[in-house]
Amino acid sequence: MSQLIETLTSLLGPTGPLLALGAAGLLIVTLTLPFILAKKKNPFDRIQSPTQFQAPPTKSGGNTPALSLRQAKKKGPNLDKFATFLEPQDMEEFSKRKLNLLRAGYRSKDAVRNFHFIQFALAIIGIIIGGIYVMFFSTDTEITDHLIKGAIPAGLGYYMPIYWVNSRAGKRLEELEGGFPDSLDLMLVCIEAGQSLDQSIARVGKELVHSYPQLSDEYLIIANEMRAGKDKPTVLKDFSERAGVPDIKSFVTVLVQSAAFGTSIGDSLRVYAAEMRDKRIMRAEEKANKLPTKMTLCTMIFTVPPLMVLLVGPSVYQIMQVLG
């Protein structure tokens, strides 16, 4: 054992035994994964096989198209066997993560599972990159420095999906806030033209496809859920939760109260649409008023130093000439 430790130290440096131990552990885990993840074939998978439901041959000698009792699975990695490891077991944490992904635009039922899988995969890739750097390119001799340099890529890989989801959610929030007043105006026009609320929402969703695609998707989801028979207040409340915009939450409250008390939706929508237009103008004025303050710092950074060089530079040069 001592000879082995000396050999590893001479080949890989002072941290050679530690690196060899880590590589051996990674190799053992890699070799045992196929046995751990081995799963018996599910008998219900036979239902998805088209050969089980082929009709008998026709007189012409051909077969009718195969029938399938289940919807075909989408292409991509099957992560069902990893659900225990890739999904939070706490329902509150699972709902919170799912809501964050919904607000970022990821509506797939496997979105939470895919998110954690990407986090895990990027962290593993970061560990491998950090290990390669420490083994072949690092010149430090301290074990702490090696651990830090090896952990930095893993940390970046782990937090990169979180940053991406938060960035997507922020951009989507801005789009929903910017397009919501225009959608209310279109909805008001449709309602005053004699259409119902369901028809107005569906029409607005189709009209906003090119200008505000995220908002259009939300309206089309509402229209499809109402068409499927889901309770209208529940559909609207789910919309406000997915959007995460205070204006949309207030709009949903207005519609629910109008339906509950029997007031005219057109009148309520007209007043609320006017308020949204005024609020958008106020947001634009607020940004315009902040602009001079932001420009002051840029002006001081890029204008004052060159001006000082031009004004003071010749005097400093003449003084140096006199003293020299």
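Among the chymotrypsin sites (Phe, Trp or Tyr not before Pro) within segment 137-189, which fall in a DSSP loop and have no more than 15 other Cβ atoms within 10 Å of their own Cβ?
Phe137
Exposure proxy check: His210, His146, His116 ranked by fewest other beta carbons within 10 Å?
Least to most surrounded, the residues fall as His210, His116, His146.
Relative contact order (percent) for segment 172-286, with alpha-carbon contacts under 8 angstrom and 6 or more residues of separation?
Value for segment 172-286: 28 percent.
Mind checking the full-extension length gain between Ala24 and Phe302? Use 0.36 nm per residue of separation minus the Cα-Cα distance, one decimal, nm.
Length difference between fully extended and current span is 94.5 nm.
Quote the FRET efficiency, to the nearest 0.05, computed for Met160 versus Val271 with a Förster distance R0 of 41 Å and r equal to the Cβ-Cβ distance.
Approximately 0.35, to the nearest 0.05.
In nm, what is the difference between 0.36 nm times the number of residues separating Leu311 and Lys96 and their Cα-Cα distance?
Working it through step by step, the gained length comes to 71.5 nm.
Would you mind checking the radius of gyration and Dmax of segment 172-286 based on alpha-carbon positions, in Å?
My reading of the Cα-based Rg and Dmax gives 13.2, 43 Å.
Set the Förster distance to 51 Å, then compute FRET efficiency between Asp231 and Phe136 from the Cβ-Cβ distance, nearest 0.05.
Calculated transfer efficiency: 0.25.
Tell me, how many Å apart are the Cα centres for segment 284-321 and for segment 252-277?
52 Å
How much length is gained if the chain between Val322 and Ile124 is pulled fully straight, taking 0.36 nm per residue apart and subtracting their Cα-Cα distance, in nm to one decimal?
64.7 nm
Which of rounded, prolate, oblate describes segment 164-222, given a ≥ b ≥ c as roots of the alpha-carbon gyration tensor eigenvalues and a/c under 1.5 marking rounded, otherwise prolate only if a/b is larger than b/c?
prolate
Values quoted throughout were computed directly from the atomic coordinates according to the rules given, and no laboratory measurement underlies them. Keep in mind it's a predicted model, so treat the numbers as computed, not measured. Here Cβ is always computed from backbone atoms with ideal geometry, including for glycine, and neighbour counts include all displayed protein chains.
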